[in-house]
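Right, one structure below, let's go through it.
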Amino acid sequence: MSQQGIADTPFALLLETEKAIRALFKKTPAQMTTQKDWLGLSFLSGDHILLTPLDEVLGILPVTTFAYIAGVKPWLLGVATYRDDIFPVTDLAGFIGQRMSPLTKHSRVLVIDSQGEKAGLLVSRVMGLQRLSPEHTKSKGMMPEDPLYEPFLMGAWVDANVEFPIISCKSIIKHPKFRDVLAKAEVGNDLY
């Protein structure tokens with residue numbers, strides 16, 4: 001270095017600048033923690049607030065018209081497109097055994113991708129992103145059984161002694177019931 005404290009070469013100046021920047025941006029206590037926050041999406045399905053891992057949701061679409069499919073169960077609403085892919089859209093509440101969701105201006109379709117297989121899940125409302133610390137979540141084994149969500153349950157978020165189920169949307173679209181879409185023929189109906 002020269003007498004004025006300025007580096008003699010451009011490379012030396014870069015090294016000094018890097019050292020000064022690194023000293024300013026040391027890790028904060030929040031960054032040094034070993035626990036990792038859980039990121040998820042909260043939404044309303046029927047009368048239930050649910051959460052799902054953010055990495056399971058490919059996109060969120062407003063409800064548009066679906067191409068209707070005849071002869072299927074009522075919870076299969078039809079097919080839609082997203083980024084040049086055609087996929088089925090299922091009413092999540094209807095699929096798990098609740099009454100069908102009414103379509104409102106708040107209704108949304110969660111686009112799920114599981115190993116290249118896409119599907120849409122209609123929900124009543126997307127409530128927002130959630131960043132949860134591990135101490136506010138419960139594992140599946142620590143929860144009472146809920147027959148509606150049992151096959152898809154991952155755990156729960158606990159807030160003020162209220163538990164909000166965390167479900168796996170990928171598990172939903174991989175479930176055998178999800179593929180059982182044909183409506184059962186009525187007695188005396190010759191169409192089936």
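Every read-out reported here was derived from the displayed coordinates using simple, explicitly stated rules and does not represent laboratory data. Source: prediction; values computed, not measured. Cβ sites come from the backbone with ideal geometry, for glycine too, and all protein chains shown count toward neighbours.
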Which of Tyr149, Tyr68, Tyr82 comes first, and how do the rest follow, when ranked by fewest Cβ neighbours within 10 Å?
Tyr68, Tyr82, Tyr149
Quick check on the exposure proxy: order Leu50, Leu129, Leu41 from fewest to most C-beta atoms within 10 angstrom.
Leu129, Leu41, Leu50
Sequence gap of 8 or more, or different chains, plus Cα separation below 25 Å: how many lysine pairs satisfy both in the range 40-179?
14
